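Engineer: Below is the structure I would like to discuss, written out as structure tokens.
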């Protein structure tokens with residue numbers, strides 16, 4: 001769910017104090033998402049907002065044309081007459097707000113990048129039982145270090161791109177009780193397992209909101225591990 005309407009900056013009411021309040025509210029909400037482990041969801045929202053703001057700022061002329069209201073036909077010049085909405089105010093304020101919003105979201109993007117890198121370093125990836133140079137589907141076994149939490153098992157889709165990690169999907173298959181021998185038994189039960197790759201992931205991170213955060217950092221790391229191996 002978007003925290004700000006796509007056209008929040010240009011749509012009425014043109015109350016820039018209110019728009020600034022909405023912006024600050026969205027920024028604080030996104031920071032809470034990061035603190036709660038929803039780093040991937042926060043990243044998607046920030047990227048979407050920044051793309052919109054960059055496009056908005058770089059299309060000033062088109063925007064002004066879109067906001068004009070048709071008054072009628074000028075009989076002297078035989079051309080259409082337009083006016084801006086009376087509540088629009090000074091257009092420069094809109095662009096100032098846009099610049100301010102870009103700075104706020106870019107700052108938030110840097111925070112997400114720093115947090116992502118910090119968590120990424122605490123994820124260890126090991127291939128089991130041996131290296132298999134294939135980019136077809138495989139299985140991922142996720143372990144939480146120093147914890148009795150179940151082993152999470154995901155299956156990933158074949159690698160179709162060398163650059164876009166988001167094209168590799170990971171789907172949860174099941175979970176296993178963490179005890180000796182359970183992993184090897186599970187691998188042996190998989191049909192045609194000699195054609196697949198198996199990866200063990202160890203981490204010591206907070207796994208709250210796993211599907212909205214940590215899973216995607218693991219997916220990112222694993223993608224590049226497979227691409228270069």
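Engineer: Taking the range 9-54 only, how many residues are within 20 Å of the chain's Cα centre (by Cα), farther than 30 Å from residue 221 by Cβ and surrounded by fewer than 19 Cβ atoms within 10 Å (Cβ to Cβ)?
Structural biologist: The number of residues fulfilling the criteria is 2.
Engineer: Among the residues of the range 200-229, count how many are out of contact with any helix residue (DSSP H, G or I) (no Cβ under 8 Å at 6 or more places or on another chain), closer than 16 Å to residue 139 by Cα and assigned to a helix (DSSP H, G or I).
Structural biologist: 5
Engineer: Could I ask something else about it? Working only within the range 176-199, note down all residues that are in a helix (DSSP H, G or I), within 18 Å of residue 158 (Cβ to Cβ) and touching a residue at least 12 places away in the same chain (Cβ under 8 Å).
Structural biologist: 195
Engineer: What are the residue pairs meeting all of these: first residue in the range 200-225, first residue on the phi > 0 side of the Ramachandran plot and assigned by TED's automatic domain parsing to the domain that holds residue 175, second residue surrounded by fewer than 17 Cβ atoms within 10 Å (Cβ to Cβ) and outside any helix (DSSP H, G or I), Cβ atoms under 8 Å, and 6 or more apart or on different chains?
Structural biologist: Final answer for the pair search is 209/36.
Engineer: Is it the case that some residue within the range 145-164 is more than 19 Å from the chain's Cα centre (by Cα) and on the phi > 0 side of the Ramachandran plot?
Structural biologist: Checked against the condition, which is being more than 19 Å from the chain's Cα centre (by Cα) and on the phi > 0 side of the Ramachandran plot, the range 145-164 yields at least one hit.
Engineer: Right, here's the next one. Test of understanding: among 123, 128, which residue is touching a residue at least 12 places away in the same chain (Cβ under 8 Å), touching a helix residue (DSSP H, G or I) at 6+ places or on another chain (Cβ under 7 Å) and surrounded by 14 or more Cβ atoms within 10 Å (Cβ to Cβ)?
Structural biologist: That would be 123, the only listed residue that is touching a residue at least 12 places away in the same chain (Cβ under 8 Å), touching a helix residue (DSSP H, G or I) at 6+ places or on another chain (Cβ under 7 Å) and surrounded by 14 or more Cβ atoms within 10 Å (Cβ to Cβ).
Engineer: So which residues in the range 147-168 are part of a loop (DSSP other than H, G, I, E, B) and touching a residue at least 40 places away in the same chain (Cβ under 8 Å), if there are any at all?
Structural biologist: Within the range 147-168, 149, 159, 162, 168 meet the criteria.
Engineer: Condition test on residue 166, is it touching a helix residue (DSSP H, G or I) at 6+ places or on another chain (Cβ under 9 Å) and either surrounded by fewer than 16 Cβ atoms within 10 Å (Cβ to Cβ) or in the same structural domain as residue 38 (by TED's automatic domain parsing) (or both)?
Structural biologist: In short, yes.
Engineer: Could you please find all residues in the range 204-228 being closer than 14 Å to residue 170 by Cβ, buried (at least 16 other Cβ atoms within 10 Å of the Cβ) and over 13 Å from the mean Cα position of the chain (by Cα)?
Structural biologist: Answer for the range 204-228, where residues must be closer than 14 Å to residue 170 by Cβ, buried (at least 16 other Cβ atoms within 10 Å of the Cβ) and over 13 Å from the mean Cα position of the chain (by Cα): 210, 218, 221, 222, 223, 226.
The values are calculated or read from the model by the stated rules, or taken from the named source; none is laboratory data. Being a predicted model, the structure only gives us computed values, none of them experimental. Glycine gets a Cβ as well: all are built from the backbone with ideal geometry, and neighbour counts include every protein chain shown.
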